[in-house]
Amino acid sequence: MPVRAEHDRAVLAELLGRDPVLHAYQLGDLDDFFWPYTSWFRRGNQVALLYHGVELPTLLAFAAPADSAELAALLTDLAPLLPARLWAHLSPSLDATLDRWFHLEDAAPHHRMALTDPARLARVTPAGAPLGPADLPELLALYAAAYPGNWFDPRMLDTGQYVGIREAGELVAVAGVHVWSPTWRVAALGNVTTHPRVRGRGLAGAAVAALCARLREGVEHVTLNVRADNTAAVRLYQRLGFTPVADFVECGLRARR
């Protein structure tokens, strides 16, 4: 069965919705907010997404271990059609599948985590107020100081799902989302950081707690990605009730000549 482009959101939602935590980012990208920046490919029940809404196109390809061979076959057919340079989020072993066509660069193991123990979250005192487009200059300044190189699209503020903590009028901590979809009932946290001079006081955890309280009013699954070697962040999220549910690799791909 060859790979083919898939344009039917209902079909994609049915396939991805079989494991909404593993596919939370892709489900979120079915929303009108992200849909125009997406290209979807399907082989059987497996789906790959190429997202164009960032400077470097990003390939998302996730599968449960039992389905990895079918997804590897999809990527084998798709690889010659991909851009010469891109970023990728890949389930284990799929990076080796693409090695025939691409040099892999800056590979880093990551965890997908999901909120599985809301009782832990309830023990954290939430703090912060919603941010909007008017807060963009302050937010960019905070990211420049505390989280340079993060993936942040200013349009994400339009979701209304960013929470910030201020001290003496200055924005010093923030928690936000990469995707948020009440339609598909999934959210993925992202762009969480604290200014270096106020770290160690639990501000990021308080902002995440406040954001999760907002998100859980409209979604069923709250997820996030975190580097496996970022032990401080992993421990923070575990303290807030998140559990690692899948591993994957983030890497750059550069076409072989």
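Of the residues Val208, Gly132, Pro118, the one whose Cα sits farthest towards the positive end of the charge dipole of the stretch 117-240 is Pro118 (charges of +1 on Lys and Arg Cβ, -1 on Asp and Glu Cβ, taken about the Cα centre). This ranking places Val245, Val234 by how few other beta-carbon atoms lie within 10 Å of each, fewest first, which gives Val245, Val234. Computed packing ranks the peptides 189-198, 143-152, 175-184 as 175-184, 189-198, 143-152, most packed first, by mean other Cβ atoms within 10 Å.
Once the GluC sites (Glu not before Pro) in DSSP loops with at most 10 neighbouring Cβ atoms within 10 Å are cut out of the chain, the longest remaining piece is 56-216.
Rg and Dmax, both from the Cα atoms of the chain and both in Å, are 18.2, 61. Dimensions of the stretch 114-248 from C-alpha coordinates, computed as largest minus smallest value along each principal axis and given longest first, are 35, 33, 29 Å. Extension gain, Ala107-Arg185: 0.36 nm per intervening residue step, less the Cα-Cα distance, totals 25.1 nm. Anisotropy class assigned to the stretch 39-180 is prolate, per the alpha carbon gyration tensor with a/c at or over the 1.5 cut-off and a/b larger than b/c. Fewest-first ordering of Ser39, Ser68 by other beta carbons within 10 Å of each residue's beta carbon gives Ser39, Ser68.
Simple point charges give the picture: +1 on the Cβ of Lys and Arg, -1 on the Cβ of Asp and Glu, and for the stretch 117-240 a dipole about the Cα centre of about 440 debye. Between Ala64 and Arg254, take the C-beta separation as r, use R0 = 25 Å, and let me know the FRET efficiency to the nearest 0.05. Efficiency computed from Cβ-Cβ geometry: 0.30.
Our helix-only sum for the chain, with -39,500 (n - 2.57) per DSSP H run of n ≥ 4 divided by its residues, gives a mean residue ellipticity at 222 nm of -7000 deg cm²/dmol.
Using C-alpha pairs below 8 Å separated by at least 6 residues, the relative contact order for the chain is 26 percent.
Counting Cα-Cα pairs of the stretch 1-123 in 5 Å increments starting at 0 gives whole-percent bin shares of 2, 10, 21, 23, 21, 12, 6, 3, 2, 1, 0. Using 0.36 nm per residue and subtracting the Cα-Cα separation, the extra length available between Glu14 and Arg216 on full extension is 70.5 nm. Note on the stretch 61-106: with charges restricted to the Cβ of Lys and Arg (+1) and Asp and Glu (-1), its dipole about the Cα centre is near 120 debye.
Using the Cβ-Cβ distance between Ala141 and Asn230 with R0 set to 35 Å, the FRET efficiency works out to roughly 0.95.
Readers should treat all values here as calculations from the given coordinates under stated rules, not as data from a laboratory. What you see is a predicted model; the values in this text were computed from it and never measured. When we count neighbours, we look across all protein chains shown, and the Cβ atoms used for this are built from the backbone with ideal geometry, even at glycine.
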